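Scroll down for the structure; my scribbles are underneath it.
We did not get these values from a lab; they are worked out from the coordinates using the rules stated. Everything numeric in this text was worked out from a predicted model, so none of it was measured. Here the Cβ positions follow ideal geometry from the backbone for every residue, glycine too, while neighbour counts run over all protein chains shown.
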Ligand SMILES: C[S@@+](CC[C@H](N)C(=O)[O-])C[C@H]1O[C@@H](n2cnc3c(N)ncnc32)[C@H](O)[C@@H]1O
């Protein structure tokens, strides 16, 4: 294994929610089930990517592995990364329960995964890039670009903020007040401690990382999705 340079961001260290703690992982799975329609999200992502059968797909920050499983069910060959061995064990257990084939789990992240072999047809990452400060998001995006075949697609979904004319304090007060009770504290911790950036910075990072942003959506007041093509 290559040693990281002394100046490199340590992505192995969890920030905000501790996904190395199995109780936090279970609580996260439960909260997301309440907040999101994850099967519908994953179907939409697969429809947007329009992949040929048996495509090579990389997912970064797989978490409980819901997207990886949906992609494997659709017949794709999936490499699923996460820095948390606890998350990976949780996701692998779901795969065993379903007796699914076609997913390779790797304990690595945006900055530490070393890719060898055929380029990917698509890369997907949901709610994970905000674990890196902006400097390192940029580095991660350049790396993702290098792992894709020319014209390959990158689908990014993440918490990205857009305070707009209502002002900073009013925006965050409104968002936190609208959260269901059991998600409010984790969301406040997210705003305070994690590295979600602003929409206009995210768009600049993607473009400067070598991507053409084909389509983007604000899924909510704090969640954005970008369909990008590697230039
Ligand atoms: C909020 S969960 C998202 C899980 C899933 N993608 C979803 O949409 O529900 C974030 C996941 O990213 C992982 N993660 C954090 N930093 C990472 C990094 N630098 N590289 C890869 N995964 C990372 C965490 O361990 C966690 O499993």
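Per-peptide packing, taken as the mean over residues of other Cβ atoms within 10 Å, places 163-172, 205-214, 14-23 in the sequence 205-214, 14-23, 163-172 from highest down. Take the Cα of residue 135, step 7 Å toward its Cβ, do the same at residue 219, and the gap between the two points is 3.0 nm. A full extension of the chain between residue 142 and residue 198 corresponds to an added length of 18.3 nm, given 0.36 nm per residue minus the alpha carbon distance.
What the pair-distance distribution of the chain shows, using all Cα-Cα distances binned every 5 Å from zero, is 1, 6, 14, 19, 21, 18, 12, 6, 2, 0, 0 percent. Take every Cα pair under 8 Å whose residues are at least 6 apart in sequence, average their separation, divide by the length of the range 1-148, and the relative contact order is 25 percent. When DSSP beta bridges are restricted to pairs lying wholly in the range 112-226, around 50% turn out antiparallel.
Ordering 7, 217 from the fewest to the most neighbouring beta carbons within 10 Å gives 7, 217.
Nearest 0.05, what FRET efficiency do residue 162 and residue 93 give at R0 = 45 Å with Cβ-Cβ as r? Calculated value: 0.75.
DSSP assigns beta bridges within the chain; of those with both partners inside it, close to 40 percent run antiparallel.
Only helical runs count toward this figure. For the chain, summing -39,500 (n - 2.57) over DSSP H runs of n ≥ 4 and dividing by all residues gives -13000 deg cm²/dmol at 222 nm.
Could you calculate the FRET efficiency of residue 100 with residue 18 from 1/(1 + (r/R0)^6), where r is the beta carbon distance between them and R0 is 25 Å, rounded to 0.05? Efficiency, rounded to the nearest 0.05: 0.35.
For residue 31 and residue 173, FRET efficiency with R0 = 22 Å and r from the beta-carbon atoms, rounded to 0.05?
0.55
Sorted ascending by nearby beta carbons within 10 Å, beginning with the fewest, 137, 142 become 142, 137. Computed over the chain with a Gaussian network model linking Cα atoms closer than 10 Å, the most mobile of 50, 73, 94 is 50.
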